[in-house]
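Trainee: This structure is in structure tokens; I'll ask about it shortly.
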Amino acid sequence: MPEIRYNGRAFGIHAGETVLEALERQGEAVAHSCRAGLCQSCLMRCSTGMPPAEAQKGLKDNQKAQGYFLSCVARPEQDLEIGLPGDALRVEAAIAELARLSETVMRVRLTTAAALPYRAGQYVTFLRPGLSRSYSIASLPEERALEFHVRRIEGGQMSGWLHGQAAVGDTLTIQGPLGDCFYTQRDAAQPLLLAGAGTGLAPLYGIVRDALRQGHTGPILLYHGARNAQGLYLVDELRSLAASHPQVAYHPTLTPLDEAILGGKRDWKPWRGYFCGDPALVNVLKKKLFLAGMPMREIFADAFLPAAAKPAALL
Amino acid sequence: MPSLYERLGGAPAVDAAVDIFYRKVLQDERISRFFDDVDMERQAAKQKAFLTMVFGGPANYSGLDMRKGHAHLVSRGLDDSHVDAVVELLGQTLQELGVPQADIEEVAKLANSVRDDVLSRGSSAHA
Ligand SMILES: Cc1cc2nc3c(=O)[nH]c(=O)nc-3n(C[C@H](O)[C@H](O)[C@H](O)COP(=O)(O)OP(=O)(O)OC[C@H]3O[C@@H](n4cnc5c(N)ncnc54)[C@H](O)[C@@H]3O)c2cc1C
Ligand code: FES
């Protein structure tokens, strides 16, 4: 089996094992969250050898060229010398505002020390010592602060800190932005379906305003679902957004989103869809809208996967 | 004479076929269970690679790749009847796109040529 060198030490890799698992098994702590190649928390950089191609999926070409790879999905086939990514992809941020949008959702605004170019709807990773979690950007690039909507999770490490101890002025590091769930204008008249549950609204709140700012003229259907009324937030803001833009229809609903959306018979072939939030819901929407005629390449989605627990073997 | 892949229309034809074909696969009770529990984009990318190959396009699967790629499905019961269903849905897809019968048969022949590898039968023809 191949061997990896990290911090000047050699680490063996078992068959089928990822770089992240091998390092953890041998006592190293490496930042990670999703363990699925999505959040890029586990980004590492290879200085000697070629990282496996599947561990570079989703990275930018210039990152690939510099040897960056995702350790949680890297099953190396050759010896590698690797290290942490360094600070080039990270920026320091300070909390500028904490405001409750509902009983369970906090609006978090951050200002960054250096500019962070992004598209509304992308996400970034929040890094605190020993902890990394992804959050979707709800603001537009021209707004001064980055905006996030964070739902409080019982016992949650990052959301618990943001809802409990964190105060204006506290700092954290962010990495990113990531993701391709954002508005690009190919046809200003194309009908858009935006659907998300809970804080799945965060990227959609950015995307809908970005589309309007770019002069989108076609219908925009925005569905926000929740299991109970506290899960719905920014209702007044979105009502007034819809009132001032006749092409926008806003539907806050407690009905399961797939039923709410597919209840009315429509021809979905010309539509583009953006689906965000709970992974199970995102998958259902992707599948049902695809089967109802929406083209695969017109479907954009961000599933809010929870941080994965360590595989049982490592506990 | 242009190759099968050129006659079918190359990469744009694959793009046109993949959504139609994948929708059929997902809705077909005989085989949908083999395609149901996986990431949709990844599945669609695989379908695209499969269509490129059976359209006679640039694809470089070895028999061994085919075996590795389907072993987990074989262990879940994948057999000839399911391959037949895939070939049938492929034919329907091409019919909907207006492809002539002779070309559809050629595509089916290409699909059938990897049947043994997909089902992990015999020794790998071209590993
Ligand atoms: C691409 C992406 C974008 C995201 N965007 C957002 C966003 O905009 N807003 C937002 O609020 N979150 C978002 N998330 C989810 C976020 O990254 C965290 O997973 C979430 O905030 C919980 O982290 P935590 O540290 O508070 O909880 P953890 O400490 O990770 O979890 C504490 C406990 O709660 C459980 N748990 C975790 N998540 C859930 C859940 N959803 N439901 C029930 N139990 C759970 C865990 O299994 C664990 O037992 C996003 C995730 C991804 C991958
Ligand atoms: S990408 Fe590796 S932990 Fe998320």
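The values are calculated or read from the model by the stated rules, or taken from the named source; none is laboratory data. No experiment lies behind these values; they were computed from the predicted model shown. In this analysis, Cβ positions are derived from the backbone assuming ideal geometry, glycine residues included, and neighbour counts consider all displayed protein chains. Heavy atoms of the whole protein, side chains included, go into the accessibility calculation; ligands, DNA and RNA do not. Shrake-Rupley method; radii C 1.70, N 1.55, O 1.52, S 1.80 Å.
Trainee: Tell me the residue from A:Thr111, A:Thr104, A:Thr125 that is open to solvent by 20 Å² or more (accessible area, probe 1.4 Å), of a type outside the set (Phe, Trp, Tyr) and within 13 Å of ligand 1 (Cβ to nearest atom), please.
Mentor: So the residue among A:Thr111, A:Thr104, A:Thr125 that is open to solvent by 20 Å² or more (accessible area, probe 1.4 Å), of a type outside the set (Phe, Trp, Tyr) and within 13 Å of ligand 1 (Cβ to nearest atom) is A:Thr104.
Trainee: Can you tell me which residue in segment A:156-178 is least open to solvent (accessible area, probe 1.4 Å), limited to those that are closer than 17 Å to A:Glu92 by Cβ and of a type in the set (Ser, Thr, Tyr)?
Mentor: A:Thr173
Trainee: Among the listed residues A:Ala36, A:Ala93, identify the single one that is under 20 Å from A:Arg133 (Cα atoms), within 16 Å of ligand 1 (Cβ to nearest atom), not in a loop (DSSP other than H, G, I, E, B) and not hydroxyl-bearing (Ser, Thr, Tyr).
Mentor: Result: A:Ala93 is the single residue among A:Ala36, A:Ala93 that is under 20 Å from A:Arg133 (Cα atoms), within 16 Å of ligand 1 (Cβ to nearest atom), not in a loop (DSSP other than H, G, I, E, B) and not hydroxyl-bearing (Ser, Thr, Tyr).
Trainee: How many of the residues making up segment A:153-181 are touching a helix residue (DSSP H, G or I) at 6+ places or on another chain (Cβ under 8 Å) and more than 8 Å from ligand 1 (Cβ to nearest atom)?
Mentor: Qualifying residue count for the region: 1.
Trainee: Would you confirm whether or not segment A:41-59 contains a residue that is hydroxyl-bearing (Ser, Thr, Tyr), assigned to a strand (DSSP E or B), farther than 23 Å from A:Gly176 by Cα and away from ligand 1 (no atom under 16 Å from the Cβ)?
Mentor: Among the residues of segment A:41-59, at least one is hydroxyl-bearing (Ser, Thr, Tyr), assigned to a strand (DSSP E or B), farther than 23 Å from A:Gly176 by Cα and away from ligand 1 (no atom under 16 Å from the Cβ), which makes the answer yes.
Trainee: Looking only at segment A:39-81, count every residue that is among the aliphatic types (A, V, I, L, M), more than 26 Å from A:Arg109 (Cα to Cα) and in contact with a Leu (Cβ under 9 Å, 6 or more places away or on another chain) and tell me the total. Even if it seems obvious, please write down each step before you answer.
Mentor: Initial filter on segment A:39-81 (among the aliphatic types (A, V, I, L, M)): A:43-44, A:50, A:53, A:55, A:59, A:65, A:70, A:73-74, A:80.
Applying the additional criterion that residues be more than 26 Å from A:Arg109 (Cα to Cα) yields A:44, A:50, A:53, A:55, A:59, A:65, A:70, A:73-74, A:80.
Imposing the further condition that a residue be in contact with a Leu (Cβ under 9 Å, 6 or more places away or on another chain) reduces the set to A:44, A:50, A:55, A:59, A:70, A:73-74.
Qualifying residue count, segment A:39-81: 7.
Trainee: Same structure again: Does segment B:17-51 hold any residues that are small (Gly, Ala, Ser) and facing chain A (nearest Cβ under 10 Å), and which are they?
Mentor: Let us first name the residues in segment B:17-51 that are small (Gly, Ala, Ser), namely B:17, B:32, B:44-45, B:49.
Matches in segment B:17-51: B:Ala44, B:Ala45.
Trainee: Among the listed residues A:Glu147, A:Glu103, identify the single one that is more than 16 Å from ligand 2 (Cβ to nearest atom), among the acidic types (Asp, Glu), part of a strand (DSSP E or B) and not assigned by TED's automatic domain parsing to the domain that holds A:Gln230. Walk me through it before giving the result.
Mentor: Details: A:Glu103 fails: part of a strand (DSSP E or B).
Answer to the selection: A:Glu147.
Trainee: Taking the conditions exactly as written (buried (at least 19 other Cβ atoms within 10 Å of the Cβ) and not charged (D, E, K, R)), does B:Leu90 satisfy them or not?
Mentor: yes
Trainee: Next up: From the list A:Leu234, A:Leu262, A:Leu289, exactly one residue is away from ligand 1 (no atom under 16 Å from the Cβ) and surrounded by fewer than 21 Cβ atoms within 10 Å (Cβ to Cβ). Which is it?
Mentor: A:Leu262
Trainee: Checking the condition more than 19 Å from the chain's Cα centre (by Cα), open to solvent by 10 Å² or more (accessible area, probe 1.4 Å) and not assigned by TED's automatic domain parsing to the domain that holds A:Lys269, which residue from A:Gln185, A:Gln214 passes?
Mentor: When all the criteria are applied, what remains is A:Gln185.
Trainee: Further question on the same structure: Which is at pLDDT 95 or above, out of contact with any Pro (no Cβ under 8 Å at 6 or more places or on another chain) and either surrounded by fewer than 16 Cβ atoms within 10 Å (Cβ to Cβ) or away from chain B (no Cβ under 14 Å) (or both), of A:Pro311, A:Pro252?
Mentor: A:Pro252
Trainee: Would you check if there is a residue in segment A:196-211 being touching a strand residue (DSSP E or B) at 6+ places or on another chain (Cβ under 9 Å) and surrounded by fewer than 23 Cβ atoms within 10 Å (Cβ to Cβ)?
Mentor: Scanning segment A:196-211 turns up no residue that is touching a strand residue (DSSP E or B) at 6+ places or on another chain (Cβ under 9 Å) and surrounded by fewer than 23 Cβ atoms within 10 Å (Cβ to Cβ).
Trainee: Before we move on, is A:Gln78 away from ligand 2 (no atom under 16 Å from the Cβ), open to solvent by 60 Å² or more (accessible area, probe 1.4 Å) and within 30 Å of A:Ile13 (Cβ to Cβ)?
Mentor: yes
Trainee: Go over the candidates A:Leu241, A:Leu262, A:Leu254, A:Leu291 one by one and state the one that is over 26 Å from A:Ala188 (Cα atoms) and assigned by TED's automatic domain parsing to the domain that holds A:Arg209.
Mentor: One residue alone meets the criteria, A:Leu254.
Trainee: Taking B:Asp116 as the residue in question, decide whether it is among the charged types (D, E, K, R), part of a helix (DSSP H, G or I) and more than 16 Å from B:Ile31 (Cα to Cα). Talk me through it step by step, then tell me what you get.
Mentor: Values: among the charged types (D, E, K, R): yes; part of a helix (DSSP H, G or I): yes; more than 16 Å from B:Ile31 (Cα to Cα): yes.
In short, yes.
Trainee: From the set of residues in segment A:274-286 that are touching a residue at least 60 places away in the same chain (Cβ under 8 Å) and open to solvent by 10 Å² or more (accessible area, probe 1.4 Å), which is nearest to the other protein chains (Cβ to nearest Cβ)?
Mentor: So, considering only residues that are touching a residue at least 60 places away in the same chain (Cβ under 8 Å) and open to solvent by 10 Å² or more (accessible area, probe 1.4 Å), the one nearest to the other protein chains (Cβ to nearest Cβ) is A:Leu281.
Trainee: Just need a number here: residues in segment A:128-140 that are open to solvent by less than 60 Å² (accessible area, probe 1.4 Å) and either more than 10 Å from ligand 1 (Cβ to nearest atom) or not in a loop (DSSP other than H, G, I, E, B) (or both).
Mentor: 8
Trainee: Please go through segment A:60-78 and pick out each residue that is at pLDDT below 85 and under 13 Å from A:Leu178 (Cβ atoms).
Mentor: Of everything in segment A:60-78, those that are at pLDDT below 85 and under 13 Å from A:Leu178 (Cβ atoms) turn out to be A:Lys60, A:Gln63.
Trainee: Then there's this: Among the residues of segment B:100-111, is there at least one that is within 24 Å of A:Glu54 (Cα to Cα) and either within 14 Å of chain A (Cβ to nearest Cβ) or modelled with pLDDT of 95 or more (or both)? Explain how you work it out, then say what you get.
Mentor: Residues of segment B:100-111 that are within 24 Å of A:Glu54 (Cα to Cα), as a first pass: none.
Within segment B:100-111, none of the residues are within 24 Å of A:Glu54 (Cα to Cα) and either within 14 Å of chain A (Cβ to nearest Cβ) or modelled with pLDDT of 95 or more (or both).
Trainee: Quick test of your reading of the structure: A:Gln63 fulfils all but one of (1) surrounded by fewer than 17 Cβ atoms within 10 Å (Cβ to Cβ); (2) out of contact with any Ser or Thr (no Cβ under 7 Å at 6 or more places or on another chain); (3) more than 30 Å from A:Val235 (Cα to Cα). Name the failing condition by number.
Mentor: Condition (1) is where A:Gln63 drops out.
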